[in-house]
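Read through the structure below, which is laid out as structure tokens, and then see the notes.
The values are calculated or read from the model by the stated rules, or taken from the named source; none is laboratory data. No experiment lies behind these values; they were computed from the predicted model shown. Heads up, the Cβs are rebuilt from the backbone with ideal geometry, glycines too, and the neighbour counts pull from every protein chain shown.
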Amino acid sequence: MQVGIGFSAESDHIKAAKEAVDNAMPGINKGKVDLAFLFSTIKFNHPLVLKTIAESLKNIPLLGLNTPAVMFNLGIYSNGLLVVLFSLPEGIYFNTACVKEVSTKTALASGEKLGEELLYGCQGVRRNLSIIFSDGCIADKQNIIFGLQEKIGRSFPMVGASTCGLNARTEKACLYFGSLALNDAVCGILFGDKLNFGLGIKHGWQPLGKPRKITRSSGNTINEIDDKAGVDLYQEYLAKNVSGLKKNLGRISTFYPLGIDITRKKEYLLRSLSSIEDDGSLVFNGDTPQGSTVRLMISSKESCLESTRQAAKLAKKSLGNQKPKLLLVFNSLARAILLGRQENMEIEIIKDVFGKDTPIAGVYTLTEQAPLSSAIYLGKSYFHNNSIAILAIAG
Amino acid sequence: MFNSDIILILTSTLIIIALSSMLLTKMQKIKQLQNEADELKRSLDGMDEQAKIIVRTDMELNRIQEELDKKISGLYALQGLSYAISMTLVEEEIFRRLSLEYLEKLGFEKTLVFLWDNERKNFTLKTAIGYTEEEINLINSHINANKNHCLNLIGEAKTLSSLSAPGNFITKNTLYNIFKANYFIFSPILPQQNNRGFLFVGTQNAETVITEGDEELIKILTTQLGQALENARLFEKTWNAQQELEKKVTERTRELTAALEEVRKLSKLKTNFVSSVSHELRTPLTSIKGYAAILLTGKLGAIPIEAKERLDKINRHSDELVHMVNDLLDISRIESGKVTMNLAPCDLKEIINKVDDLLSGQLKERKINLSVNIEPNASSVLIDRVQIERVFINLIGNAMKFTPAGGRISISNRKAGEMIQVDVSDTGCGIPLEAQEAIFEEFFRVDNPINQEVKGTGLGLALVKRIIETHQGKIWVKSKAGSGSTFSFTLQQG
């Protein structure tokens with residue numbers, strides 16, 4: 001497998017697209033381009049970018065998404081676009097698919113449809129990895145995973161991310177599929193046969209305070225915790241009234257997610273707060289099953305950076321002795337906010353673990369999708385918040 | 001029966017006692033466990049309370065850290081912006097350098113710069129970042145419809161924002177619908193003399209909190225903008241003045257070049273004229289001199305004494321005239337480049353000795369001492385020997401004319417950089433300062449009693465100057481009336 005990464009921060013859309021593709025081309029060493037990923041900041045969400053890339057790459061399958069910032073070996077850029085080109089050897093199969101207008105059907109049905117379409121063309125091939133990108137605005141995103149895994153099976157991991165604009169009111173992040181920029185959609189790729197990869201996912205948040213029980217919830221919404229309105233928990237801990245909590249929602253969502261202890265495996269599944277309803281219910285960026293034990297979670301810059309190192313080490317360990325050709329990083333925007341001016345440290349840590357020349361292509365996300373335990377695949381993928389997922393692909 | 005009853009009662013009693021005891025023990029244990037559970041619960045509650053304190057403290061620390069990060073990023077962005085705008089002196093370029101990248105780091109994705117146009121009496125948009133064409137048109141119209149209000153605000157020289165502006169400054173509706181922002185900072189741009197204006201930065205981010213620090217940063221930015229605009233204006237003014245000056249210099253140079261060309265043409269005409277006239281004069285002069293000489297021999301008959309005296313005069317004046325004509329011809333030949341200098345290394349001492357031999361009779365007759373002091377290491381010169389001999393003959397001859405009996409003429413040499421300098425000094429009457437430059441011009445004669453007695457053409461020094469200049473040398477005189485003169489000239493080393 002040959003992988004090329006190209007970046008451009010040119011303000012002109014056509015020039016930027018051309019420059020990024022040109023910069024990526026040397027990486028595939030004159031091989032045939034089979035597949036492309038496009039990660040761009042919202043400013044580059046322009047038809048001319050996709051048109052130029054499609055013309056340059058002769059309409060090869062392309063997937064991607066908008067991100068508040070792209071990350072690659074040289075750093076983190078809040079303006080720019082990143083093109084990742086793959087030249088695959090014989091023996092690695094893949095199929096891409098997309099489901100549009102998810103809101104007109106259920107997320108579960110959309111996941112199932114995506115699964116069916118991904119399977120088409122991969123029949124008879126041993127599946128070993130799927131990567132899914134979804135619109136962060138879809139309400140019950142977790143059902144997409146359930147639907148998808150229902151169709152494609154749970155014997156291999158599913159990794160992915162959902163889009164995230166810096167400001168949901170003003171920035172409408174979208175997905176890329178082929179020459180289309182889409183909202184309210186989910187797209188993915190299913191790899192089969194000989195693709196070797198390693199995966200690591202960690203968050204670095206620690207539980208704080210006593211365990212509580214979700215006594216009433218539905219989907220992403222927690223109505224009651226310990227038989228009291230969900231919002232009481234945050235009011236209690238932060239000593240703020242509802243209006244004060246709403247005012248600080250961004251900060252609370254970033255720094256104090258809830259941790260769901262769903263497997264008693266010392267790994268908490270994080271859920272960051274999305275909104276507070278008038279009745280005191282809490283809406284999260286991910287499902288919150290009724291009866292689950294939850295705890296308020298807290299982190300620090302050091303703990304966050306340590307989790308990045310752990311995720312990288314896990315990905316490296318699960319890859320064995322193989323040298324990765326590409327590190328795909330799906331990193332929660334909450335981590336960048338927590339790290340502030342130290343956000344670049346994550347790249348340095350990843351480079352430290354894998355070697356400074358290992359190509360990195362990463363995006364900031366609203367949610368990350370991966371199995372709960374990254375070291376050993378346990379058959380089920382989850383939506384994560386505030387986490388970093390590192391997928392090391394060796395080819 | 002009795003016994004068995006008693007035994008039964010006793011046994012039952014014992015069992016009851018034992019059970020009661022066990023129950024009591026259990027109850028005590030339960031109570032103890034309950035106490036422990038209560039204690040644990042209290043501990044957990046205590047820890048939970050501590051956790052609350054930790055979370056609240058952490059939240060406050062995070063808020064402070066965020067603000068600090070924002071300020072540091074803002075300072076970096078401001079430094080970058082200041083550097084970028086101070087590195088240009090072109091007004092339009094200053095505004096182009098207000099890039100979104102920096103402004104976003106300051107926390108604003110919307111930026112407008114308007115400057116007041118004094119001629120058109122309206123505000124001109126200089127920069128709009130984060131707006132569509134349609135939005136820009138709407139903002140432009142709005143600003144110019146409220147231009148007096150804007151001018152008043154600029155006049156107050158105050159930076160205002162969502163934090164500090166009075167309630168009636170801008171309605172939320174206008175801010176959102178026209179300026180497409182939820183929060184803003186307005187800051188006047190006040191260059192010293194240039195047109196004034198203002199910078200508006202805004203953000204739609206609902207979570208933005210405008211602080212005094214933000215206001216301060218934007219105020220610094222507008223001060224920098226004002227200075228950059230002022231610098232650009234001064235540069236433009238200086239540039240224009242320089243352009244005007246260069247234009248004038250070019251024009252004057254052209255005029256001077258034309259005048260010089262005219263002078264050259266005239267000079268050539270004069271040279272040609274002098275040359276032609278001199279040639280034309282020489283033929284009849286030769287005849288006059290020849291016939292006068294024939295008559296003087298008496299071969300054509302005896303000549304009365306009076307007539308002989310007249311013929312002598314004719315002969316003498318003819319000689320002087322021939323001499324003058326020859327000098328004029330030499331000058332015009334040199335000027336027209338017709339004379340080729342046969343340059344060859346020569347020893348100055350040899351030339352001076354030759355001239356000394358030639359003039360020794362006259363020197364002796366006039367009782368003038370010629371002192372020659374030639375430095376051997378500066379005596380080799382690259383010259384046309386015949387021409388330089390003429391230079392010495394002329395200079396020594398002149399010195400003899402103006403040096404009284406008992407006086408001295410001295411000749412010396414020395415190295416002067418790459419050249420050899422020769423000085424010919426006399427103890428004569430000297431040359432007045434005002435005449436020192438003109439003595440090298442043709443026909444110029446210093447107005448003094450000696451010149452009135454001693455005849456001369458006024459061409460000797462002119463000829464000397466041209467010969468020296470043709471040798472790539474220079475000639476000048478240092479003199480003081482009554483204290484003698486020193487003629488110095490330079491020649492190339494041999």
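In table form, for the structure just shown:
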read-out: Where A:Gly209 falls short, out of the listed (1) away from chain B (no Cβ under 12 Å); (2) among the small types (Gly, Ala, Ser); (3) outside any loop (DSSP other than H, G, I, E, B); (4) on the phi > 0 side of the Ramachandran plot; value: (1)
read-out: Count of residues meeting criterion [modelled with pLDDT of 90 or more and assigned to a helix (DSSP H, G or I)] in region A:217-248; value: 14
read-out: Among residues of region B:46-94, those that are within 28 Å of B:Ile220 (Cα to Cα) and within 10 Å of chain A (Cβ to nearest Cβ), counted; value: 11
read-out: Single match in B:Tyr76, B:Tyr83 (criterion: free of Cβ contacts under 8 Å to residues at least 24 places away in the same chain and of a type in the set (Phe, Trp, Tyr)); value: B:Tyr83
read-out: Any hit, region A:107-115, residues being assigned by TED's automatic domain parsing to the domain that holds A:Ser179, surrounded by fewer than 18 Cβ atoms within 10 Å (Cβ to Cβ) and of a type outside the set (Ser, Thr, Tyr); value: yes
read-out: Residue in region B:213-228 that is within 14 Å of chain A (Cβ to nearest Cβ), in contact (Cβ under 8 Å) with a residue 60 or more places away in the chain and of a type in the set (Val, Ile, Thr) present; value: no
read-out: Residue check for B:Phe123: among the aromatic types (Phe, Trp, Tyr), in contact with an Asp or Glu (Cβ under 8 Å, 6 or more places away or on another chain), in contact (Cβ under 8 Å) with a residue 12 or more places away in the chain and surrounded by 20 or more Cβ atoms within 10 Å (Cβ to Cβ); value: yes
read-out: Options A:Thr41, A:Thr96, A:Thr67, A:Thr52; residue that is among the hydroxyl-bearing types (Ser, Thr, Tyr) and over 23 Å from A:Ile360 (Cα atoms); value: A:Thr52
read-out: Residues being assigned to a helix (DSSP H, G or I), within 19 Å of B:Leu459 (Cα to Cα) and either touching a Cys at 6+ places or on another chain (Cβ under 6 Å) or without any contact (Cβ under 8 Å) to a residue 60 or more places away in the chain (or both) - total across region B:388-433; value: 7
read-out: Residue in region B:199-210 that is more than 30 Å from B:Ala145 (Cβ to Cβ) and in a loop (DSSP other than H, G, I, E, B) present; value: yes
read-out: Of all residues in region B:95-115 being touching a helix residue (DSSP H, G or I) at 6+ places or on another chain (Cβ under 7 Å) and modelled with pLDDT of 90 or more, the one that is farthest from the other protein chains (Cβ to nearest Cβ); value: B:Phe114
read-out: Hey, A:Thr288 away from chain B (no Cβ under 14 Å), in contact with a Leu (Cβ under 8 Å, 6 or more places away or on another chain) and either at pLDDT 95 or above or surrounded by 17 or more Cβ atoms within 10 Å (Cβ to Cβ) (or both) or not; value: yes
read-out: Residues within region B:315-359 that are farther than 23 Å from B:Asp423 by Cα, charged (D, E, K, R) and free of Cβ contacts under 8 Å to residues at least 12 places away in the same chain, tallied; value: 2
read-out: Yes/no for A:Ile214 being assigned to a strand (DSSP E or B), over 18 Å from the mean Cα position of the chain (by Cα), more than 14 Å from every other protein chain (Cβ to nearest Cβ) and closer than 15 Å to A:Ser272 by Cβ; value: no
read-out: In region B:335-381, residue surrounded by the fewest Cβ atoms within 10 Å (Cβ to Cβ) [restricted to those that are in a helix (DSSP H, G or I) and of a type in the set (Gly, Ala, Ser)]; value: B:Gly361
read-out: Region B:311-364: number of residues that are within 55 Å of the chain's Cα centre (by Cα) and under 24 Å from B:Glu441 (Cβ atoms); value: 17
read-out: Test: B:Lys70 is over 23 Å from B:Pro191 (Cα atoms), in a helix (DSSP H, G or I), among the charged types (D, E, K, R) and in contact (Cβ under 8 Å) with a residue 12 or more places away in the chain; value: yes
read-out: Considering residues of region A:5-17 that are touching a helix residue (DSSP H, G or I) at 6+ places or on another chain (Cβ under 6 Å) and over 11 Å from A:Leu82 (Cβ atoms) only, the residue surrounded by the fewest Cβ atoms within 10 Å (Cβ to Cβ); value: A:Ile14
read-out: Any hit, region B:15-32, residues being hydroxyl-bearing (Ser, Thr, Tyr) and within 14 Å of chain A (Cβ to nearest Cβ); value: no
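Yes/no matrix, rows are residues, columns are (1) on the phi > 0 side of the Ramachandran plot; (2) surrounded by 13 or more Cβ atoms within 10 Å (Cβ to Cβ); (3) in contact with a Lys or Arg (Cβ under 6 Å, 6 or more places away or on another chain):
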residue	(1), (2), (3)
B:Ala228	no, yes, no
B:Ala258	no, no, no
B:Glu261	no, no, no
B:Val277	no, yes, no
B:Glu280	no, no, no
B:Leu296	no, yes, no
B:Ala307	no, no, no
B:Leu311	no, yes, no
B:Ser318	no, yes, yes
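Conditions (1) out of contact with any helix residue (DSSP H, G or I) (no Cβ under 6 Å at 6 or more places or on another chain); (2) in a strand (DSSP E or B), marked per residue:
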position: A:Ala315; (1), (2): yes, no
position: A:Gln322; (1), (2): yes, no
position: A:Ala336; (1), (2): yes, no
position: A:Ile349; (1), (2): no, no
position: A:Tyr364; (1), (2): no, yes
position: A:Tyr382; (1), (2): yes, yes
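Residue-by-condition table, conditions (1) in contact (Cβ under 8 Å) with a residue 40 or more places away in the chain; (2) within 25 Å of B:Gln50 (Cβ to Cβ):
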site	(1), (2)
A:Lys213	yes, yes
A:Arg216	yes, no
A:Asp232	yes, yes
A:Glu236	no, yes
A:Thr254	yes, yes
A:Pro257	yes, yes
A:Thr288	yes, no
A:Gly291	yes, no
A:Ser299	yes, yes
